[in-house]
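Engineer: Once you've had a glance at the structure underneath, I'll fire off some questions.
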Amino acid sequence: MILTEAGLSPIYGAVLEARRIFARIKSYVVYRIAASLILATTLSVVIYVSGCVIDTLMVIILAFLNDVSMIPVAYDNADATAKPQMARASKLVAMSVYYAIFHTGFALIFYYEIGNNKLEGFDTNTCAPGVQGFIWLHLFIATELMVSILQINCMLLL
């Protein structure tokens, strides 16, 4: 650190900015792990249970869009904590797994309830292009909304 001003105020400002950056990194780590688990688990269960394979290009585009959606995290208004924080990987992974289980369970119940109610044109066993598109769109929306939810919860819980 290079001090460009007299006194200790530049050190205080650097500490505050470091704590803001740490809060952003926590949000990013939790989101990245949770989103990866949601996509992998949901798509794996759909493939193994009903044989409905989502087009590979759609999955690649979904992963790319999830990465693009993380750009705002670098510019969010993360608050600096009053006390120093330690990076507790187990807590971040546990929080990620919690969100992944919740979102995956909700998505699977949602897909199979729609299929069981015989909604016109929606059958995961036939895996029509419309069904693939619906599953893709639902996963896209769920992971995009999770960015906001996780930023709020990371600030409150961690």
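Engineer: Please list 3J(HN,Hα) in residue order for region 62-68, calculated via the Karplus relation 6.51 cos²θ - 1.76 cosθ + 1.60 where θ = phi - 60°; whole Hz, with x for glycine and proline.
Structural biologist: Karplus-based 3J(HN,Hα) across region 62-68 equals 4, 5, 5, 5, 5, 5, 5 Hz.
Engineer: Hey, can you grab everything whose amide H is under 5 Å from the amide H of Ala128? Only 5+ residues off in sequence or another chain; H modelled, so Pro and N-termini drop out.
Structural biologist: Close amide H contacts, sequence-distant or interchain: Asp123.
Engineer: Now for a separate question. Enumerate the calculated ³J(HN,Hα) couplings along region 42-47 in order (Karplus 6.51 cos²θ - 1.76 cosθ + 1.60, θ = phi - 60°), each rounded to whole Hz, writing x wherever the residue is Gly or Pro.
Structural biologist: 4, 5, 5, 5, 4, 5
Engineer: Compute, for region 3-103, the length of the dipole vector about the Cα centre, with Cβ point charges of +1 (Lys, Arg) and -1 (Asp, Glu) only. Units Debye, rounded to 20.
Structural biologist: Details: 8 positive and 6 negative charges, 81 e Å.
Approximately 380 debye in magnitude.
Engineer: Here is a further query. With a 10 Å radius around each residue's Cβ, average the other Cβ atoms per peptide and rank 128-136, 26-34, 7-15, 60-68, highest first.
Structural biologist: Values: 128-136: 15.9, 26-34: 21.0, 7-15: 11.0, 60-68: 13.3.
Output ranking for 128-136, 26-34, 7-15, 60-68: 26-34, 128-136, 60-68, 7-15.
Engineer: Spelling out what I want: for every residue of region 88-102, take phi, set θ = phi - 60°, compute 6.51 cos²θ - 1.76 cosθ + 1.60 (Karplus), and round to whole Hz; glycine and proline get x.
Structural biologist: Values per residue, Gly and Pro as x: 9, 4, 5, 5, 5, 5, 4, 5, 5, 5, 4, 5, 5, 5, 4 Hz.
Engineer: At 0.36 nm per residue, and after removing the present C-alpha to C-alpha distance, how many nm does the segment from Ile109 to Leu137 gain when stretched out fully?
Structural biologist: Extra length available between Ile109 and Leu137 comes to 8.5 nm.
Engineer: Can you give the net charge of the other residues whose Cβ lies under 14 Å from the Cβ of Leu16, counting K and R as +1 and D and E as -1? Don't skip to the answer; put the middle values down first.
Structural biologist: Working: positive: Arg19, Arg20, Arg24, Lys83; negative: Glu17, Asp79.
Summing Lys/Arg as +1 and Asp/Glu as -1 gives +2.
Just so you know, all these numbers are worked out from the coordinates, no wet-lab data involved. Remember, predicted model here, so these are calculated numbers, not experimental data. Heads up, the Cβs are rebuilt from the backbone with ideal geometry, glycines too, and the neighbour counts pull from every protein chain shown.
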